[in-house]
1. What is the one condition in (1) within 11 Å of the ligand (Cβ to nearest atom); (2) under 19 Å from Asn186 (Cβ atoms) that Glu46 does not satisfy?
2. Give the residues of the stretch 177-192 that are small (Gly, Ala, Ser) and within 12 Å of the ligand (Cβ to nearest atom), sorted by residue number.
3. With surrounded by fewer than 18 Cβ atoms within 10 Å (Cβ to Cβ), modelled with pLDDT under 95 and within 25 Å of Leu344 (Cβ to Cβ) as the only criterion, which of Gln439, Gln404 stands out?
4. Any residue that is hydroxyl-bearing (Ser, Thr, Tyr) and outside any loop (DSSP other than H, G, I, E, B) - is there at least one of those in the stretch 28-37?
5. Tell me which of these Ala79 doesn't satisfy, since it passes every other one: (1) touching a residue at least 12 places away in the same chain (Cβ under 8 Å); (2) within 30 Å of Thr21 (Cβ to Cβ); (3) not in a strand (DSSP E or B).
6. Pick out the one residue from Val37, Val53 that is more than 24 Å from Tyr254 (Cβ to Cβ), surrounded by 15 or more Cβ atoms within 10 Å (Cβ to Cβ) and aliphatic (A, V, I, L, M).
7. For Asp195, state whether it is within 15 Å of the ligand (Cβ to nearest atom) and acidic (Asp, Glu).
8. Can you tell me how many residues within the stretch 199-224 are among the aliphatic types (A, V, I, L, M), within 14 Å of the ligand (Cβ to nearest atom) and either surrounded by fewer than 18 Cβ atoms within 10 Å (Cβ to Cβ) or assigned to a helix (DSSP H, G or I) (or both)?
Amino acid sequence: MIRTRFAPSPTGYLHVGGARTALFSWAYARKHGGKFVLRIEDTDLERSTETSVNAIIEGMKWLGLDWDEGPYRQMQRLARYREVAEQLLRADRAYWCYASKEELEHMREQQRARGAKPRYDGRWRPENAKRAGLTPPAGVKPVLRFRNPDEGTVTFIDLVKGPVTVANGEIDDLVILRADGVPTYNFGVVVDDLDMDITHVIRGDDHVNNTPRQVNMFQALGAPLPQFAHAPMILGADGERLSKRHGAVSVMQYPEDGYLPEALFNYLARLGWSHGDAEKFAREQFVEWFDLAHVSRSTAQFDAAKLAWLNHEYIKEADPGRLAALVAPRIERDGGKLADGPALAEAVKLLKDRATTLEHMAESAMMFYKRIEPSKALIAEHLTPEVMPAVRELAGSLERVEWQRPKLAEAVKAVVGKFGHKMPKIAMPLRVMLLGRTQTPSIDAVLELLGRDTVLARLQPYLVES
Ligand code: GLU
């Protein structure tokens, strides 16, 4: 049974990079009929917050990344980490270290002065402490360190990057339990991946360098290794690590900006993974196609324009009722009165082919729910003496015509023909009078949507002959 996990540290919002990694883990489990586990790695007591836990959960739910187990929380598993730590201690694969901060700093300074890489020198390894005559200083709470092998190499096969080998001599003895008993990341992650029977550790490649340490711990525990797959980092268009400068990096900013979850989902799926040249595909299709072999080794670039394009595509095919429900609060927020205009789902039908985001759609729909008086300049430009006779004639026929789009289009065409004007000559002044702007859906659609009473009432003030 395949088991994957997403293990965020709750120190901020759900970042699009984290969400992309979660998406890959989720898809891998779903594809293989496995289980997807959510684990909150909240051991950084200073930076972890409940707000962040909620933001992560909210972001995952919005994207539709459902989990089968969890959220587990590391801070509720302290007894278990202590138990495994003691197991390592008994096997002489871990030891207490009493070195003070100042002492360690001094040690590193000396190493740097010698031109050596700063690393813990193993002074509290029992045999070294004994040789140096060190005894535990009174009143000092020790940390527990993992005894990394001194010799040989450590190797794992990354399902994305291929084999990775590091000399053990490069790795120092890592703190695994802090003085307060809280595990460090590398230890907590090993115990949890082990206890939670994780078969595939899929995560961002900022963790490649941690993996050899983790592999050594798995081995010290006599545990089988999970498979590892490190997905590439996501960069902005300028090649820098993705950050706020490149646009929204918090998943939950996207619903606010008017993106549909299926658009962001689809977009994230393509960040560091591909299936031929397929760009737009549904969630089920992604699950069917996803495999680690097609996760890219090179960095992925965040392209806001492509995401906007996808959003536009999904908006076009979305159900108008659903879109209306998402657009309604935006219109009310900006002072539009839904009760004063046509059914929003009908307006949405007219606007959705042109909207990139729900925010754009709300902006355009506003003309139906908030009377926008045309500016003097628009009136002067479009309501010219030349066209007004035709407009008056049309207003007359609008009193009688059957109120449905084809009939309305006919009525407009008839006037256009009779007066020998071009279509826009008539449509523009109508738009200006009815909606206060020149950019609207086609005029017959606008007429139908507004309804006879509103149309006639809005035209009326302009029709009196001076
Ligand atoms: N808590 C780690 C992070 O957010 C998880 C890394 C992992 O998946 O092992 O980066």
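The values are calculated or read from the model by the stated rules, or taken from the named source; none is laboratory data. The shown structure was predicted, so the numbers you read here are calculated from the model rather than taken from an experiment. A quick note on method: Cβ atoms are made from the backbone with ideal geometry, for glycine too, and the neighbour counts reach across all protein chains shown.
1. (1)
2. First, the residues of the stretch 177-192 that are small (Gly, Ala, Ser): 179, 181, 188.
Within the stretch 177-192, just Gly188 meets the criteria.
3. Gln439
4. Yes, because at least one residue in the stretch 28-37 is hydroxyl-bearing (Ser, Thr, Tyr) and outside any loop (DSSP other than H, G, I, E, B).
5. Of (1) touching a residue at least 12 places away in the same chain (Cβ under 8 Å); (2) within 30 Å of Thr21 (Cβ to Cβ); (3) not in a strand (DSSP E or B), only one is false for Ala79: (1).
6. Details: Val53 fails: more than 24 Å from Tyr254 (Cβ to Cβ).
The unique qualifying residue is Val37.
7. Answer is yes for this residue.
8. Filtering the stretch 199-224 for residues among the aliphatic types (A, V, I, L, M) gives 201-202, 208, 215, 217, 220-221, 223.
Subset that is within 14 Å of the ligand (Cβ to nearest atom): 201-202, 208, 215, 217.
Within this subset, residues satisfying the condition of being either surrounded by fewer than 18 Cβ atoms within 10 Å (Cβ to Cβ) or assigned to a helix (DSSP H, G or I) (or both) are 208, 215, 217.
Residues meeting the conditions: 3.
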